[in-house]
Structure formats: C-alpha cells, structure tokens
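The values are calculated or read from the model by the stated rules, or taken from the named source; none is laboratory data. Since this is a predicted model, take the numbers as computed values, not measurements. Neighbour counts are summed over all protein chains in view; Cβ atoms, including those assigned to glycine, are modelled from backbone coordinates with ideal geometry.
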Amino acid sequence: MRNIKLLIEYDGTDFCGWQIQANDRTVQEELERSLSMLTEEKIKTTAAGRTDSGVHALGQVVNFKTNSELPLNAFVNGGNSRLPYDARIVSAQDVPANFSARYAAKKRYYRYFIAKRPIAVGRRYAWIYWKPLNLNVLQRMCEPLNGTLDFKSFCQKNAAVKHFLCHIYAAEWKETAERYVFDICANRFLHNMVRILVGTMVEGASGQFDTSMEDVLTARDRKAAGSTAPALGLFLTKVEY
C-alpha cells in the first residue's frame, strides 16, 4: 500500500469548499473522482486545510492511500486529465505510511487580497473595497494576535471544535499602489477565522469599529468581532511539515 502526497491548486469560485457535501460541487469530490478513475480504486483523500466555499488554494496538500503501481507523473498528468479546469495537481510524491496531510502539518499560510478600486482583471480573487484604509491601524490591530491565543471570537458561531486555541507565528499587512495584502501563518485555523480577522481589521482601519483586538479576544464571543470578509480574496498559499 502506497501513501501519495499531492500538491494541488484550485480556483474556489465555483466550488462549495474543499469537503464533500451532499448535492454541492466540492474540490474533494472532484479530486477523488479523478483519482478513483485513474487507479480503478475507491480513493479517499485527506487535506491539510478544509477551505470554505469560494476560497482558493495555491498550496493545498493532500494525501491518499493506494495499491496502484502507477509512476508519480501519472498521478499528475492522468489526474489532471480527469479534473475540471479549475483544479490542478501540481506534484506528487511517495511518503511514509503514517504521513497525514492534516495532522502532520506544522504551519499553514493564508493570504488575503483587497483591491483599492473596482477591477476587471482579477475581480474573482480580491475583495473590492475602495474606502480608504489606514495601514498603521491595520498593522496595530495585528500586534495582539501573535502567540497562542483563544480565537473563539473569530470563529463561526457553534463551530464543532474541541478548543479555540491557535498559535499565530506571523500576521502582517502590506500596501501597494493597487491593493492591501494580509499574510498570516498559524499552526491551525478555525472556521472563517481569517475572513473574520480581515473583516474586523478593515472595519477598524476605516473607522467603523473601535473595540481593541485585545478586548475582542477576551470576549470569546463572535458578536464582539466585526463582519466576515468575502471568501473570494482568500488563498491557502502554503503548508509546512
């Protein structure tokens, strides 16, 4: 039995997230269908991160078990030939039997894009927000996030998780002439966590939200945070093992 690790990318626009759902199109469903056709086995995949509906990925990592003796390039080329246009396998490698894309992951990286003006090219990959944002406020709101903290306030209400602790390694905003970019790296992320963080900080930097991030974290209540930013600007960019 082989354990195969895949690096994949996808445009999340027309997917209802990663995880298989009844009556909805998902990345997991399309990938497993493709791999099952290729190997003539029933394939079950495990992903590093269960991205939400509309969220994109440049560096999603997946593993699956198979008895197939196909060469690694066949999983890339053969898998892609059976996948839809908006999902691609980038690479494949054999890994130890105990490797899990989800549980072996040490760091996950996400990036969020905000366009400063209405755009035609790239409009599916950025939140169009033309109100002025104060970069200093954005950066200041990042400062309390580093370290191991309880992010219940920044998680979808009634999420089925054992705990809300996440360790943030880095969180930073950058500004260019055309956009704002938010980068964050953590050991794990909660449901909608990055999007709620972005929505809260954008409201703070545009003068619509005046509660400190420390107070929001302490509240442990979703109502204490700001709105949830749109999914289209969010990318899973990298997973470290």
Flag for Phe64 being farther than 30 Å from Gly199 by Cβ, in a helix (DSSP H, G or I), in the same structural domain as Gly17 (by TED's automatic domain parsing) and within 24 Å of the chain's Cα centre (by Cα): no
Boolean, Tyr85 is at pLDDT 95 or above, of a type outside the set (Val, Ile, Thr), over 26 Å from Arg25 (Cβ atoms) and in a loop (DSSP other than H, G, I, E, B): no
Pair list, Cβ < 7 Å and 6+ apart or interchain, from segment 35-46 residues that are closer than 17 Å to Leu83 by Cβ to residues that are part of a helix (DSSP H, G or I) and among the hydroxyl-bearing types (Ser, Thr, Tyr): Ile43/Ser36
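Picking from Leu149, Leu133, which residue would you name as being in the same structural domain as Met201 (by TED's automatic domain parsing), farther than 18 Å from Arg50 by Cα and not in a strand (DSSP E or B)? It would help to see each step written out before you state the result.
On the way: Leu149 fails: not in a strand (DSSP E or B).
Only one candidate qualifies: Leu133.
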Failed criterion for Asp86 (all others in (1) more than 30 Å from Val198 (Cα to Cα); (2) in contact with a strand residue (DSSP E or B) (Cβ under 7 Å, 6 or more places away or on another chain); (3) surrounded by fewer than 17 Cβ atoms within 10 Å (Cβ to Cβ) hold): (1)
Answer residue from segment 98-142, given it is under 25 Å from Val239 (Cβ atoms) and of a type in the set (D, E, K, R) and is surrounded by the fewest Cβ atoms within 10 Å (Cβ to Cβ) among those: Lys106
